[in-house]
Amino acid sequence: MAEAAINTGRASQSECLYCRTQSAGPHFCSECGKIQPVVAGSDYFSFFHLPRRLCIDESELEKSFYALSRQFHPDYFMSASAEERQASIECSSMLNDAYRTLRNPVARAKYLLTLEGYKEAEKKAPPDLLEEVFELNMQIEELRAAKKTGDEDEAAEARSSLEEALIDLHKKLQGIDERLFALFEDWDSILGRDATADGKKPLLDRMSELLSHRSYIRNLVRDIKEEL
Amino acid sequence: MPVIELSMSGRPKSGRVVGIDLGTTNSLVAYMSDNGAEVIRDASGNGLVPSIVYYDHEQDRLLVGEEARDRLITEPRKAIYSVKRFMGKGSADVQEDLSLVPFQIAPGSEQVIGFQMGDRVFTPPEISAFILRDLKRRASQFFGEEVSQAVITVPAYFNDAQRQATKDAGHLAGLEVLRIVNEPTAASLAYGIDKRDEAIVAVYDLGGGTFDISILKLKEGIFEVLSTNGDTHLGGDDLDNELITLVLDEIERSTGRRPDHDPGAFQAIRKAVIRAKHELSESQSTTIEIDLGAQHGGQYQRELTLVEFDRVVGNLVERTLGPCKKALKDADLDPEQIDEVIMVGGSTRIPLVRRKVKELFKREPHVELNPDEVVAIGAAIQADVLAGGRRDLLLLDVTPLSLGIETMGGVIAKIINRNSTIPASASEMFTTWVDNQTGIDVHVVQGEREMVSDCRSLAKFTLKGIPPQPAGLPRIEVRFLIDANGILTVSARDQRTGQEHSIEVKPSYGLTDEQIEKMLIDSFEFAEEDVRRRQLVEARNEAETVMRAAAKALEERAQGLIDEGERTAIRQALDDLRQAVAGDDYQLIRERIKALDDASQHLAEIIMDGALVAALKDRKASEVAEG
């Protein structure tokens, strides 16, 4: 339950804005119960009181999201002080941003990478796809040209081979997602063993690479679909 | 006597709160009664206020609603309608809309449209404020106390500027806008869908001039908008126009003349086809009868069957289905996954519309509530939630459009994606390009396209006062925050110094605070006029009551109780008051009410005594019986 989660989170360093209680709880003061501004330096995981694991129970996350929404939403602070209203907007926008990111596995992994100091990797074609990409771009060009000249047969031919390619690309995407999820599990298990930076790095590197391939293929799929 | 009444949550009771549906064609106001939400109606039971404002600059006369609509045909240059289409827009955005209306646009309308009316210019928020003020007055009269807070609904796709313009209109009308709520969300509240644990809801809203489809997800009392789509130029008016064309064609065929430039004849045709349309929601056929006057061939009459009607409007109804399918696709849903379909807008009474919607969603749509009123009803429910701090219901709205900033070469970097739950925020780091640069220009846009020229400019501002440093060294974090009403605020912080930067956000469209202040001052003169009108209405109402009572007493009871002299005096006072009521001097009416009161005082006393004696007699009888 989300209620429980709120109290088991890491102790806040901050002092309550209103009653000056030291180490007031996160989000709400343990003494006076008033809403607190977002703790400086919190990230989306810590905001939800989650460790930086990648396998997340999405229905549990949704439950926490709804429960916290009911605690933070500005609707409930309409006649509160300006500070509390501000804190409520801060907390609920952080909550919404965090939920949006964490509920999607890919966005979640990308976010973890930025937390671990990775820049967003450029979209790169997977090496085993380089030749195919060249071929596909040619076919896209052919389709475009055939459409222009009104050559129906040529267009139909290009279309069918592109459609075939799409099926293949979707399979590749699936493969990437499977490998990515396997990495998620590896990551979670080394986290449990207090991994060192050296232990983490190879996993993160591979994740970053897979994500870059993934984006590349998705762009390609989008381009093909647009042309079809 | 308690000075301030405190409710349980510790908030001072600050008067009544209402929900307002500020529509393109009609507007309504509703409130939460002990028996649930109800629309506030006028004396004749009408809840709809046509969203039309008439202004005559020669007489400095302002009319709103029904009265303004009556003048729309005879003095079209003096009335503004469909103002909702122009909210939060500059003239370049609405070329098409402007070509469809006869309004005269004032010079300098690039950022905020100004309607030239005689020697005065009104902006869309001001015109909307006149409508809101009328609704506010209606509600205040109903409660007998000033209404100062409201929830106002807008279409789900309204962008920041349009929402802000709506809020400005509320402010100008003297209303504190507690919340801007999406219309489909309000409609779902009206149907109590929030009581379900989990549901996907489609809201089909075919109004007078616009069509909107929205797909919402409800879970544990929280609403999320999944997708929206629609057609901003498709509504009941278009159906009317199809029928008008049909009639005009037939008249032309039989008389050789097309009476579309005769306002009187045109109006008669319009009224007749609207009546026929309404009747065909209840029956299989109807008769259109129009007296066109001798020059257009006299009487026009024809039978119109439902089958024929369906054929005439079929294409228009069909056009609503495309946006529905797109909305389903955007929400990544099949029609079968929709749990509830809600019908909003008068045109959803048309059997063909209901049939088509049912076919598409494979589900019987909700039509139990008055489709003209559901949005206002929902707004009243939300207003009650906000005023009372109830926690059982929470609306989580989303931004309808992505928020982005302009980067090098006019390319947009998206920072908050559309359909993000609000409040939502994003931070972006800015730095300098040349040594010792002390200011950075930031351009915020809203839209889904990649290039700045295809998106809508929201605001431009300059980060100022950056200490002179080598290029690329300063790190200014700019925070964009979209609040629960979908309205953007921006703040900036120097990452090195921790210093907050002053940002003056100049909205690209919309009104500045100074402009609003000026409008508030300008509106006082109309407020004066409003007070006079209200006084007159109240005085007349009171006079009617007093006259009815006096006439009744005179007729039924006066015989034998008072002498002929007194009776004549009362009759005279009655006549005098009747005359005053016909005029519009409320002070005179008040004086004559008093005169009639004085003249009938004696009679009233006698009647009262008589009633008392009778009551005493009854009581004695009953006491005797009991004893």
Can you give the alpha-carbon Rg of segment A:2-103 over 2.2 N^0.38 Å, where N counts its residues? 1.02
Could you state the angle between the C-alpha long axis of helix A:58-72 and the longest principal axis of the C-alpha atoms of chain A, as a value from 0 to 90 degrees rounded to the nearest 10? 50 degrees
What spacing in nm lies between the two simple spin-label points modelled at B:Ala604 and B:Asp563, each 7 Å away from Cα in the Cβ direction? 2.3 nm
Suppose a student asked you for the relative contact order of segment B:180-322, using Cα pairs under 8 Å spaced at least 6 residues apart; what percent would you report? 15 percent
Using r as the Cβ-Cβ distance of A:Ser81 and A:Asp168, and R0 as 60 Å, what FRET efficiency do you calculate, to the nearest 0.05? 0.50
Would you please state the base-10 log of I(q)/I(0) at q = 0.07 1/Å for the protein assembly as shown, with intensities from the Debye formula using one equal scatterer on every alpha carbon? -0.71
Counting pairs of alpha carbon atoms under 8 Å apart in space and at least six apart in sequence, what relative contact order in percent does chain B give? 12 percent
Taking Cα atoms, the helix B:263-279 axis meets the longest principal axis of chain B at an angle in degrees (rounded to 10) of 90 degrees
Losing no less than 40 Å² of accessible area (probe 1.4 Å) relative to the isolated chain, the residues of segment B:413-436 are B:Thr421, B:Pro423, B:Ser425
Carbon + sulfur, % of accessible area of the protein assembly as shown - ligands and nucleic acids excluded, 1.4 Å: 49 percent
Over the protein assembly as shown, average the accessible area per residue using a 1.4 Å probe and give it in Å², no decimals. 49 Å²
Karplus 3J(HN,Hα) series, Hz, for segment B:347-362 with 6.51 cos²θ - 1.76 cosθ + 1.60 (x for Gly, Pro): 5, 7, 7, 5, x, 4, 4, 4, 5, 5, 5, 5, 4, 5, 8, 6
With N set to the number of residues, divide the alpha-carbon radius of gyration of chain B by 2.2 N^0.38 Å and report two decimals. 1.16
Could you list which residues have their amide H under 5 Å from that of B:Asp372, counting only those 5 or more apart in sequence or on another chain, with H placed in the peptide plane? B:Gly345
In units of 2.2 N^0.38 Å, what is the alpha-carbon radius of gyration of segment B:236-318? 1.05
Report the rotationally averaged projected area of segment B:77-215 based on its alpha-carbon convex hull, in square nanometres. 10.1 nm²
What does the helix-only formula give at 222 nm for chain A: each DSSP H stretch with n ≥ 4 adding -39500 (n - 2.57), the total divided by the residues, and the result rounded to the nearest 500 deg cm²/dmol? -22500 deg cm²/dmol
Whole-Hz couplings from phi, Karplus 6.51/-1.76/1.60, listed for segment B:230-246; x for Gly and Pro: x, 9, 6, 10, 8, x, x, 4, 5, 4, 4, 5, 4, 5, 4, 4, 4
Computed ³J(HN,Hα) along segment B:428-434: with the Karplus parameters 6.51/-1.76/1.60, θ = phi - 60°, integer Hz and x for glycine or proline, the list is 9, 9, 10, 9, 9, 9, 10
Could you work out the relative contact order of segment A:2-103? I mean the mean sequence separation of Cα pairs under 8 Å and 6+ apart, divided by the number of residues, in percent. 27 percent
Going by alpha carbons, how many degrees (0 to 90, nearest 10) lie between the helix axis of B:564-582 and the longest principal axis of chain B? 20 degrees
Residue-averaged [θ]222 nm for chain B, counting only DSSP H segments that reach four residues, each worth -39500 (n - 2.57): -13000 deg cm²/dmol
For chain A, state the semi-axes of the equivalent ellipsoid (square roots of 5 times the eigenvalues of the alpha-carbon gyration tensor), sorted largest first and rounded to whole angstrom. 47, 22, 13
Accessible area buried at the B-A interface, both sides summed, 1.4 Å probe (Å², nearest 100): 2200 Å²
Set the bar at 25 Å for Cα to Cα. Now go through A:Lys110/A:Lys172; A:Lys63/A:Lys110; A:Lys63/B:Lys362; B:Lys219/B:Lys329; A:Lys63/A:Lys123; B:Lys464/B:Lys518 and name every pair that lies beyond it. A:Lys63/B:Lys362; A:Lys63/A:Lys123; B:Lys464/B:Lys518
May I have the pair-distance distribution P(r) for segment B:312-437, computed from all Cα-Cα distances with 10 Å bins from 0 and rounded to whole percent? 9, 24, 29, 20, 11, 5, 2
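The values are calculated or read from the model by the stated rules, or taken from the named source; none is laboratory data. Remember, it's a predicted structure, so these values are computed and weren't measured experimentally. Neighbour counts are summed over all protein chains in view; Cβ atoms, including those assigned to glycine, are modelled from backbone coordinates with ideal geometry. Quick note on the areas: whole protein, heavy atoms, side chains included, nothing else; ligands and nucleic acids left out. Shrake-Rupley method; radii C 1.70, N 1.55, O 1.52, S 1.80 Å.
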